Amino acid sequence: MHGLEQQYGSQVNFVYLDIDDPATESFRRQLGFRVQPQLFLLDKDGAVIQQWLGLVSREELEAALQQAVS
């Protein structure tokens, strides 16, 4: 994830939610966060474009990011 953040960080805002941090509970609930790892790709308005449960390949994430920024 950090490699993709370095590559797309100027175009995509990467946010990490700690499941054990009570300060993120409201946002996790709003997203429907259930398990860790769980990844969400949001549009500029905060709507979920795509989400992944469990491990995801770099290639799959990169393809989704490329599509989102184009």
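Rule-based calculations on the coordinates, nothing more; no lab input. Treat the numbers as computed from the prediction; the structure is a model and nothing was measured. Cβ: placed from backbone, ideal geometry, glycine included. Neighbour counts: every protein chain shown.
Charging the Cβ of each Asp and Glu at -1 and of each Lys and Arg at +1, and nothing else, the dipole of the stretch 2-69 about its Cα centre rounds to 140 debye. Using a simple spin-label model with pseudo-atoms 7 Å out from Cα toward Cβ, Gln36 and Ile19 lie 0.6 nm apart.
Tell me the angle of helix 58-69 to the major Cα principal axis of the chain, expressed in degrees between 0 and 90 and rounded to the nearest ten. The two axes meet at around 80 degrees. Projected label points at Lys44 and Gln11, each 7 Å from Cα along the beta carbon direction, are separated by 1.4 nanometres. When every Cα-Cα distance of the stretch 2-69 is counted in 10 angstrom steps from zero, the calculated P(r) takes the values 18, 54, 27, 1 percent.
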